[in-house]
Number of protein chains: 6
Amino acid sequence: MRLIPLTFFDDLMRLKRIPRSGWITYRISRHDAESVSSHSYSVAVIALVISETLRLRNRKVDVEEVLRMALLHDLSESLTFDISKAYLRYLGRIGSKVKARIERRAVSHLVSGLENSKLSRKFVRSLEEYSAAKSPESRIVHAADALDLLLQILEYQRMGYRKTTLDPIWRETKSKLKHCNLDIANDWMRRLEQARRKLDSTPRRKR
Amino acid sequence: MRLIPLTFFDDLMRLKRIPRSGWITYRISRHDAESVSSHSYSVAVIALVISETLRLRNRKVDVEEVLRMALLHDLSESLTFDISKAYLRYLGRIGSKVKARIERRAVSHLVSGLENSKLSRKFVRSLEEYSAAKSPESRIVHAADALDLLLQILEYQRMGYRKTTLDPIWRETKSKLKHCNLDIANDWMRRLEQARRKLDSTPRRKR
Amino acid sequence: MRLIPLTFFDDLMRLKRIPRSGWITYRISRHDAESVSSHSYSVAVIALVISETLRLRNRKVDVEEVLRMALLHDLSESLTFDISKAYLRYLGRIGSKVKARIERRAVSHLVSGLENSKLSRKFVRSLEEYSAAKSPESRIVHAADALDLLLQILEYQRMGYRKTTLDPIWRETKSKLKHCNLDIANDWMRRLEQARRKLDSTPRRKR
Amino acid sequence: MRLIPLTFFDDLMRLKRIPRSGWITYRISRHDAESVSSHSYSVAVIALVISETLRLRNRKVDVEEVLRMALLHDLSESLTFDISKAYLRYLGRIGSKVKARIERRAVSHLVSGLENSKLSRKFVRSLEEYSAAKSPESRIVHAADALDLLLQILEYQRMGYRKTTLDPIWRETKSKLKHCNLDIANDWMRRLEQARRKLDSTPRRKR
Amino acid sequence: MRLIPLTFFDDLMRLKRIPRSGWITYRISRHDAESVSSHSYSVAVIALVISETLRLRNRKVDVEEVLRMALLHDLSESLTFDISKAYLRYLGRIGSKVKARIERRAVSHLVSGLENSKLSRKFVRSLEEYSAAKSPESRIVHAADALDLLLQILEYQRMGYRKTTLDPIWRETKSKLKHCNLDIANDWMRRLEQARRKLDSTPRRKR
Amino acid sequence: MRLIPLTFFDDLMRLKRIPRSGWITYRISRHDAESVSSHSYSVAVIALVISETLRLRNRKVDVEEVLRMALLHDLSESLTFDISKAYLRYLGRIGSKVKARIERRAVSHLVSGLENSKLSRKFVRSLEEYSAAKSPESRIVHAADALDLLLQILEYQRMGYRKTTLDPIWRETKSKLKHCNLDIANDWMRRLEQARRKLDSTPRRKR
């Protein structure tokens, strides 16, 4: 590689401009909806913290793999944008399949911009492992993805967005987190539920 | 760690809301100015691509270290916000020192939120290596930091922001990139200059 | 119907919040990207003006049908959001099919919110006629859809957005307009091209 | 008409950029305040649904006329912008007269951009019928105008905007809706009040 | 006055949320359009600099009066909002009269919120002197008002907004500045024209 | 002065684009965060009202001095931007010193743009008096600075921003106001607390 892969980098930069459409469904102002880049950044840092913590407990974690997955896990949205999950959910099982197929084709197009087939294959392999959601590394990233959502819901509520409007996405994400099968997930969930309850109760105490 | 380090994560989420003040200096609308999170995301992915490319050329790169540095390199801005570089530049050498001291103290406060002293030390060590800018890993991240800026300038110009208003930051970043001492940097610079010139010439040809 | 169809109206209101994703692809700031509602409004008024003009030339036009189509033509995006056209284009013919299927299912879900099967069928019929693009009424709405895009491109350029960045969408829409098979379309195209050229030439003359 | 009426269409496009000033009075962020186009779109679709429903109950409705009125009812704001209603209200009866005169002159200027005197007269006639508010068609549009406001208030509250800040505009619009003299209006009002109360009570039940 | 005049202060705070509608007419994004407060601030500081400079040249200037006028000169817009000047201009001489009457009534309502008739009268007197535009103090404020507009046009062009779209407002304001009858105005105009030309020529030289 | 001090005026215009970073810390959307100019405008008008009221009570106030201070009190932020107060607070006493030194150097750089050393000295003297916070005039401006913050908090809460998120800044500013040593400050505080309590209680009464 004598030259930087400008096509790939242009696609990468586009993620800064694409809002996460889920938030718009849940009535976050589109001006406040974070970009895909912002989300992916938080997921990567959260995944890093989880990985390092597990390591300190003597679990073996391939941190490089975790971070590659975290950084790439929403890459396809540079091409597909953020297809309304509300709609795909309504489609049921077929929706998930459609989404998976759409994303797979998008990824294969995007990595071709790297102009480096070895690297392309490596990136695709990481994303396939993430989709399979079986390796410990992929489960860490799925957990981090859910944690970022829950933390972001707390943030939006702290701004003034309505708890009840955000309730469905909170519940859905909580259940997603539970299915990551990380044994520390229960502790987290309890802590986050606590933080959310505290948010509600504070004004009550004050009055 | 039974519970997630909520204090650290709250500080992390704040980076999504902090605009990169440099863009405001260069007259990017504050609504279009990217967040610190968005920027750090791009830096991490660019650093990943550089690292993998160097590896394929048989250079030894500690990719995990590269990514940790990239993800954390602007963490201190969660506390300090993005202090106007224009001002610090005006202060001269003292400005750099002030900035360094401010950032160091901010980082040590932020990592204390991890409630895990081993992990804190690891993060601080990565950031010190980044500041020293001597290891190959740190130079990759500095190069990625500069590349993201240059790519973002191209993006803003493609939107319609004025080339001449952005000229000083382009020149300054170009020179920063040169000082990273990565042998492929010259190739990159040529390619990016080309892309920028093409942006200008297209309308001329059209007319 | 004793009560207003709140479910349908809630879906309708959502269109005010959904940005037209195409503009984001073409580097319009997401803060400046119009909503689906805003676009559909212009399409309806343009279609009204075309219809009335054709009528004054003694053509028979079912204006009610034209307006119903225009008002409903992007209704499905309330559920599907605005799937990146860039992506569907990349998928080729399959992309169009996928889009059509997704939209059809979305529409049938949305009209069920009317809680009035006769009205639902009427709306679906209008939308099918629009998709078929054969009746004079549907061709008027397709032309109005293209005209609004071209006029909006001119607006964005007048703000300062770059002509060259918008060139591909201009060309594509121009060709869409030609395929509407309205005999006055050629006159329009000439006039709009003129307006766009004038935009470019003005500064040249001024200098 | 050999050429499209560009002057009229430019005025039409401007409505996409004009925020509804009423919302700013009631402390909706100006970034979240909808455009005049967005509002007019909803009014037209709501008016369409009302008309079709009345038809199914064997009432005769000139739907074409309803939609023309709905699409044009705020056209004058392209020229006058959205003069603060708070102020005109304060002026009392004189305020309404001033507003009416200002709008009439604006409309006559705007339709001259159609370069087609027959069509101009038709549009002016529709708008006069709307102002007179006597024909069933005009009353449907006035009702739709009020309904869109009430639905939008619910939307803003669902986002997190304060109920009490929006109370005065809710009450005022409710009374406007009652004066439309549509026999189904009472049913609607009850249903909307219910939806609004539910919004308030949900958190109470939750706690 | 034992209590702060909250009614007046609430009206004052509203000016922070009211965009200057003139910019929207000239196709500045409504997100970038400054508030009435922002504009009035600049006018006050510019008026202060002019006053002090004249003083240093031994002219007698009542700086307190200048600043009171500058701070209050757009106060009425808190109630009237920023009525489209484009429209009032179209109304001709009657437009100016309507505007003057509307503003006078708004001001008298606003100052009543001070709950202090002496202070109210003082404020009204300052605003009348400003409208009369005869005293040296009022002419300084009118000049500052025009200068802020010209400087803001330069700012918007530096961002990337189109020169040609802003040409009419530039010309109109230049002529307004000339009519302020301040002998230093010619020097200013020359300097500002120079700055604007330089903006245009820079890219030319570069190419 | 034959020419306007363009360098100074460019620095002045920049204040319109710089958001008050404090609000971002307290989770106000950066799109809703007011500019430094907007804030300074309100401070100046509030200081004017306080001054005039004291005068009517036969206190001697140099209103010109008050307004000069109010207009210039945040001028340095044009260069330094709004350094995160949260951070400086964390630094403790050293933080205040660092801030003071940074601001002093920024001011001396900014006033050099006036190209008029007499005027520069005058402006610097006003700002030093403001920092010393001893003269009655400076205490009026400090009180106005605090009052604008409290009034703005009420505004944000009326929009829907959370009371509890804003509690720390309310308390801190209240205590700042108390330390201004203006005998009418206690009355104000009571009135503002009342207004804030009413905001909370209204919905309770309503239910």
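Restricting the first residue to the stretch B:79-99 and requiring it to be of a type in the set (A, V, I, L, M, F, W, C) and modelled with pLDDT under 75, which pairs with a second residue that is surrounded by 14 or more Cβ atoms within 10 Å (Cβ to Cβ) and outside any helix (DSSP H, G or I) meet a Cβ separation below 6 Å and a spacing of at least six or different chains?
B:Ile83/F:Ile83
May I ask you to verify whether F:Thr25 is over 22 Å from F:Arg105 (Cα atoms) and among the β-branched types (Val, Ile, Thr)?
Spelling it out, F:Thr25 is indeed over 22 Å from F:Arg105 (Cα atoms) and among the β-branched types (Val, Ile, Thr).
Do you know which residues across the stretch E:41-58 are touching a Ser or Thr at 6+ places or on another chain (Cβ under 7 Å) and without any contact (Cβ under 8 Å) to a residue 40 or more places away in the chain?
Taking the stretch E:41-58 first, the residues touching a Ser or Thr at 6+ places or on another chain (Cβ under 7 Å) are E:41-42.
Answer for the stretch E:41-58, where residues must be touching a Ser or Thr at 6+ places or on another chain (Cβ under 7 Å) and without any contact (Cβ under 8 Å) to a residue 40 or more places away in the chain: just E:Tyr41.
Among the residues of the stretch B:54-71, how many are within 8 Å of chain A (Cβ to nearest Cβ) and under 10 Å from the mean Cα position of the chain (by Cα)?
1
Within the stretch C:165-181, work out how many residues are at pLDDT 85 or above and more than 30 Å from B:Glu155 (Cα to Cα).
As a first pass, look at the stretch C:165-181 and keep what is at pLDDT 85 or above: C:165-180.
If we keep only those that are more than 30 Å from B:Glu155 (Cα to Cα) too, we end up with C:178-180.
Total meeting the criteria: 3.
Mind checking which residues of the stretch C:20-48 are within 21 Å of E:Ala33 (Cβ to Cβ), facing chain D (nearest Cβ under 7 Å) and not in a loop (DSSP other than H, G, I, E, B)?
Scanning the stretch C:20-48 gives C:Ser35, C:Ser38.
Would you confirm whether any residue within the stretch D:64-72 is within 21 Å of E:Arg27 (Cα to Cα) and either of a type outside the set (Lys, Arg) or in a strand (DSSP E or B) (or both)?
If we filter the stretch D:64-72 for residues that are within 21 Å of E:Arg27 (Cα to Cα), which is where we start, we get none.
Scanning the stretch D:64-72, I find no residue that is within 21 Å of E:Arg27 (Cα to Cα) and either of a type outside the set (Lys, Arg) or in a strand (DSSP E or B) (or both), so the answer is no.
What number goes with the only condition from (1) in contact with an Asp or Glu (Cβ under 8 Å, 6 or more places away or on another chain); (2) under 30 Å from C:Lys99 (Cβ atoms) that A:Ser135 does not pass?
(2)
Give the residue, chosen from D:Asp82, D:Asp62, D:Asp74, D:Asp11, that is within 30 Å of D:Asn116 (Cβ to Cβ) and surrounded by fewer than 18 Cβ atoms within 10 Å (Cβ to Cβ).
On inspection, the qualifying residue turns out to be D:Asp62.
Please enumerate the residues belonging to the stretch A:73-99 that are within 30 Å of A:Glu52 (Cβ to Cβ) and assigned to a helix (DSSP H, G or I).
Answer for the stretch A:73-99, where residues must be within 30 Å of A:Glu52 (Cβ to Cβ) and assigned to a helix (DSSP H, G or I): A:Glu77, A:Ser78.
Working carefully through the options A:Ile28, A:Ile102, A:Ile24, A:Ile94, find the one that is of a type in the set (A, V, I, L, M) and within 17 Å of the chain's Cα centre (by Cα).
A:Ile24
Please enumerate the residues belonging to the stretch F:110-134 that are away from chain E (no Cβ under 11 Å), among the charged types (D, E, K, R) and either touching a residue at least 60 places away in the same chain (Cβ under 8 Å) or not in a helix (DSSP H, G or I) (or both).
F:Glu129, F:Lys134
Scan the stretch C:9-19 for residues that are at the interface with chain D (Cβ under 7 Å from one of its Cβ atoms) and either of a type in the set (Gly, Ala, Ser) or farther than 29 Å from B:Glu155 by Cβ (or both) and report the count.
Number satisfying all stated conditions: 3.
In this structure, does D:Ser51 turn out to be more than 8 Å from chain C (Cβ to nearest Cβ), among the polar types (S, T, N, Q), in a helix (DSSP H, G or I) and crowded, with 21+ Cβ neighbours inside 10 Å?
So D:Ser51 fits the description; yes.
Could you count how many residues in the stretch F:164-193 are part of a helix (DSSP H, G or I), more than 23 Å from F:Arg89 (Cα to Cα) and touching a helix residue (DSSP H, G or I) at 6+ places or on another chain (Cβ under 9 Å)?
7
Residue pairs, Cβ under 6 Å, 6 or more apart or interchain, first in the stretch A:12-40 and closer than 19 Å to A:Arg89 by Cβ, second of a type in the set (Ser, Thr, Tyr) and modelled with pLDDT under 95. List them.
Once the first residue is closer than 19 Å to A:Arg89 by Cβ and sits in the stretch A:12-40, its partners that are of a type in the set (Ser, Thr, Tyr) and modelled with pLDDT under 95 give A:Ser21/A:Ser84.
The rows are residues; the columns are (1) in contact with a strand residue (DSSP E or B) (Cβ under 6 Å, 6 or more places away or on another chain); (2) surrounded by 15 or more Cβ atoms within 10 Å (Cβ to Cβ); (3) under 26 Å from A:Ser84 (Cα atoms).
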position	(1), (2), (3)
C:Val107	no, yes, yes
C:Glu115	no, yes, yes
C:Lys118	no, no, no
C:Phe123	no, yes, yes
C:Ala133	no, no, no
C:Pro136	no, yes, no
C:Arg139	no, yes, no
C:Ala146	no, yes, yes
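Among the listed residues F:Val61, F:Val107, F:Val141, which satisfies the condition of being outside any loop (DSSP other than H, G, I, E, B), touching a residue at least 24 places away in the same chain (Cβ under 8 Å) and farther than 25 Å from B:Gly95 by Cα?
Only one candidate qualifies: F:Val141.
Please enumerate the residues belonging to the stretch F:159-176 that are free of Cβ contacts under 8 Å to residues at least 40 places away in the same chain and over 17 Å from the mean Cα position of the chain (by Cα).
F:Gly160, F:Lys163, F:Thr164, F:Asp167
Go through the stretch B:154-163 and report how many residues are assigned to a helix (DSSP H, G or I) and basic (Lys, Arg).
Residues that pass the stated criteria total 2.
The values are calculated or read from the model by the stated rules, or taken from the named source; none is laboratory data. Please read these numbers as outputs of a predicted model, since none were measured by experiment. Note that we place each Cβ from the backbone using ideal geometry, even for glycine, and neighbour counts take in every protein chain shown.
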